[in-house]
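FYI, it's all coordinate maths here, none of it is from the lab. Keep in mind the model is a prediction, meaning the values are calculated, not measured. Virtual Cβ from ideal backbone geometry, glycine too; neighbours counted across all protein chains shown.
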Amino acid sequence: MASPARYDSPVKSDRPIPLSILCILGFLGCLLGMFVVYSPSVQKAGMTYALFRSLGFTFLIVCFFGLWSMRRWSLWALGSYFLVNQAVCWAFSTWDKGTLGPLLVMAVGLIYYRRMR
C-alpha cells in the first residue's frame, strides 16, 4: 500500500534562490523599462533606436523566462543580447554603465550552468 502524499512538506525547487531573485527583478525591470522608450533621450536618438529598445526588452523577457525555467539557451541568448546591445548603444552614442546589467545575470547564471538543462 502506497503512503499518502504529504502536502505540508515544503516543495523542493530546482531553481536556486539567487536566480529566482534575479529573474523577478529582471521581469520587473523589463516591464518598467518599456516606459524608457518614451523618454526624451531615446526619442532624440531616433525611431530606430526606440524600436531596438522595445524589441530588446521583449527579448530580455524571453531570456528571463528561459532562465526561470533553468534553460542553458537563456544564457547564450543573454550573451548575444549583451554583445548586440553594446554595439548598438555605442553606435547611437547612448552607452552608459546601465548597459552592463546582463553581465551580472550571466555571471550568476554561469555558476548554476551545470544544473540547467
Check: the chain dipole with +1 on Lys, Arg Cβ and -1 on Asp, Glu Cβ, in debye
300 debye
Roughly speaking, what is the stretch gain from D14 to V108, that is 0.36 nm per residue apart minus the C-alpha to C-alpha distance, in nm to one decimal?
32.3 nm
What angle, in degrees between 0 and 90 and rounded to the nearest 10, separates the Cα long axis of helix 47-68 from the longest principal axis of the Cα atoms of the chain?
10 degrees
Select one label from (i) 2, 10, 20, 20, 15, 11, 8, 5, 3, 2, 2, 1, 1, 0, 0; (ii) 2, 9, 15, 16, 13, 12, 10, 8, 5, 3, 2, 2, 1, 1, 0, 0; (iii) 2, 10, 14, 11, 9, 7, 6, 6, 6, 6, 6, 5, 4, 3, 2, 1, 1, 0: the one whose number is P(r) over Cα pairs in 5 Å bins from 0, in percent as derived from the coordinates shown.
(i)
Let's test the formula: R0 of 30 Å, r as the Cβ-Cβ distance of K97 and R72. What FRET efficiency results, to the nearest 0.05?
0.60
